[in-house]
């Protein structure tokens, strides 16, 4: 059964920042872009390296290990060496709390 899990507060993530959080055993990276928040699995689909160690430019996250690029809103691959999209998560904000939908 899927459920929303509280992972962070909006004040924990500055604009333009990526931060990893534990969400019920999953490591989720939350990205703060122009007042909006996006949740992705904190793992590059190419070599399973933490994407939160990478860089964020607009909606594009670049893995710091081999330079694969992904769209954090859609999970789409934008450049090799990755060929598999990254997992994205639905989130909701209630007050200052950020909740992410975790699927079983």
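What the Kirkwood sum gives for segment 3-102 is a hydrodynamic radius of 13.2 Å, with every pair of different alpha carbons counted. Given their separation in residues at 0.36 nm each and the Cα-Cα distance between them, residue 78 and residue 14 gain 20.6 nm when the chain is fully extended.
Determine Rg/Rh for segment 9-48; Rg is computed over alpha-carbon atoms and Rh is the Kirkwood hydrodynamic estimate from the same atoms. Ratio of gyration radius to Kirkwood radius for segment 9-48: 1.00. Using a Förster radius of 22 Å, what is the FRET efficiency between residue 55 and residue 3 based on their Cβ-Cβ separation? Nearest 0.05, please. Plugging the Cβ-Cβ distance into 1/(1 + (r/R0)^6) gives 0.10. Sorting 8-18, 28-38 by their mean Cβ neighbour count within 10 Å, with the most densely packed peptide first, gives 28-38, 8-18. Summarising the label geometry, the points placed 7 Å from Cα in the beta-carbon direction at residue 94 and residue 48 lie 3.4 nm from one another. As a rough guide to protection, the peptides 55-64, 76-85 ranked by mean Cβ packing within 10 Å, highest first, stand as 55-64, 76-85.
No lab work stands behind these numbers, since they all come straight from the coordinates. Predicted model only: the values in this text are computed from it and were never measured. Reconstructed Cβ throughout: ideal geometry from the backbone, glycine too, with neighbour counts over all protein chains shown.
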